[in-house]
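What follows is a single structure, written as structure tokens, with notes after it.
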Amino acid sequence: MTRILVTGASGFIGRTLVAELANAGHSVRAAMRLPADIFPRSVEVIAVSDLTRPVEWRPLLRDVDTVVHLAGIAHAGPEIAEQAYDRVNRLATAELANAAKTMGISHLVFMSSIRAQSGPTSNTALRETDMPRPTDAYGRSKLAAEEAVRAADVPFTILRPVLIYGPGVKGNLARLMKLAQKPWPLPLGLCHNRRSLLARRNLIDAIHLALASPAAKGETYIVADPTALTLAEIVIALREGEGRRPGLLPVPPALIALASRALSRAEEWQRLGGALVADPTKLMHAGWRPAPDTRSGLVALARATASRNAS
């Protein structure tokens with residue numbers, strides 16, 4: 001039995017991960033800002049600040065073998081100052097990693113992001129051997145956090161997931177789902193740009209693998225569903241899940257980009273209309289076996305969402 005601290009335990013990934021670890025017999029300490037009764041009774045729930053202020057990590061690490069660090073500010077747009085990203089994503093991670101080294105933690109699994117490696121688009125498939133080139137404050141803070149983890153000299157595994165989907169998803173994918181739910185045709189039929197997505201189920205399985213595999217220590221892994229879809233295919237899958245026809249019009253993407261600039265939404269369109277393919281081969285060679293593929297996962301997500309909205 002492993003004794004595990006999970007930060008960000010009440011979040012999109014943490015809630016499912018904590019429950020699964022506890023049900024598998026691990027001793028889990030769940031750290032979150034607002035403690036709530038959402039986990040099995042065996043889970044020790046503990047309050048921690050929002051990381052905008054220094055945290056005394058050592059009491060949280062007492063009697064712990066392993067840490068899964070999920071807490072941080074997600075990519076939230078220009079309204080979040082670079083200093084906030086740096087404080088929460090980089091400095092808090094550095095403080096945790098240094099405390100983990102002091103306390104003799106045997107393994108720190110850090111949830112980074114593909115944005116530590118690339119901007120919102122890439123002309124080539126992304127691999128771990130590429131030189132990291134983040135393009136915004138969020139990506140820079142995640143890359144700096146990775147460097148802090150390595151510098152702390154604590155045994156680590158770093159995961160770089162792409163955009164994650166699953167029940168309760170927020171952010172860019174939630175906005176795309178709402179767009180796909182509109183009753184009218186969408187001008188996306190010629191959007192052949194390919195985007196890598198990641199099922200939450202597959203990410204959690206990657207975390208389980210990192211925790212169980214000694215060979216994962218000291219490694220950095222891209223995490224993405226193996227097959228990227230075009231933007232048109234993503235919307236078709238979402239509409240199929242709702243029992244609807246594709247309803248896509250053949251409008252050239254250049255015209256959509258022009259309209260987006262006119263509406264001051266150029267960056268938002270870039271995140272949808274540009275290509276970003278991430279190659280998970282290294283993680284698959286380590287033994288990761290992603291279960292749902294992106295298309296079937298999106299169909300199932302849209303079907304479940306429609307059913308929930310109808311009830």
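Sort largest first and round to whole Å: the equivalent ellipsoid semi-axes of the range 3-161, each the square root of five times a Cα gyration tensor eigenvalue.
Output for the range 3-161: semi-axes of 26, 16, 16 Å.
Relative to the longest principal axis of the C-alpha atoms of the chain, give the angle of the C-alpha long axis of helix 14-23, reported between 0 and 90° and rounded to the nearest 10°.
50 degrees
What is the antiparallel percent of DSSP beta bridges lying wholly in the chain, to the nearest 5? Write out the running numbers ahead of the final one.
Working: 2 of 34 bridges.
The antiparallel proportion sits near 5 percent.
Treating the angle as unsigned and between 0 and 90°, give the value, to the nearest 10°, between the Cα long axis of helix 137-151 and the longest Cα principal axis of the chain.
Computed tilt is about 30 degrees.
Could you compute the net charge surrounding ALA275? Neighbours are other residues with a C-beta less than 12 Å from the C-beta of ALA275; K and R count +1, D and E count -1.
Working: positive: ARG194, ARG195, ARG271; negative: none.
Here the charged neighbours net out to +3.
Net charge near ALA94: determine it from the other residues with C-beta under 13 Å of the C-beta of ALA94, scoring Lys and Arg +1 and Asp and Glu -1.
Net local charge, ALA94 excluded: 0.
Need the C-alpha centroid separation for the range 44-74 versus the range 208-224, integer Å.
Rounded to whole Å, the Cα centres lie 21 Å apart.
Taking the Cα centre of the range 3-161 as origin, work out the dipole magnitude from +1 charges on Lys and Arg Cβ and -1 charges on Asp and Glu Cβ, in debye rounded to 20.
Numbers: 18 positive and 17 negative charges, 14 e Å.
It comes to approximately 60 debye.
Return one number: the angle in degrees, 0 to 90 and rounded to the nearest 10, between the long axis of the Cα atoms of helix 231-241 and the longest principal axis of the Cα atoms of the chain.
90 degrees
Using 1/(1 + (r/R0)^6) with R0 = 25 angstrom and r between the beta carbons of LYS178 and THR52, what's the FRET efficiency to the nearest 0.05?
Values: r = 30 Å, r/R0 = 1.20.
Given R0 = 25 Å and the Cβ-Cβ separation, E is 0.25.
Please work out the ratio of the alpha-carbon Rg of the chain to 2.2 N^0.38 Å and round it to two decimals.
Scaled against compact globular proteins, the figure is 1.01.
Contact order normalised by length for the chain, with contacts defined as Cα pairs under 8 Å and 6 or more residues apart; what percent is it? Intermediate results must be reported in sequence, preceding the final value.
Numbers: 580 pairs, mean separation 51.4, N = 311.
Across the chain, relative contact order equals 17 percent.
Apply the a/c threshold of 1.5 to the C-alpha gyration tensor of the range 193-311 and tell me whether it is rounded, prolate or oblate.
oblate
Checking the a/c ratio against 1.5 first, then a/b against b/c, what shape does the Cα gyration tensor give for the range 60-138?
oblate
Just so you know, all these numbers are worked out from the coordinates, no wet-lab data involved. Because the structure is a prediction, the values reported are computed rather than measured. Cβ atoms come from the backbone with ideal geometry, glycine included; neighbour counts cover every protein chain shown.
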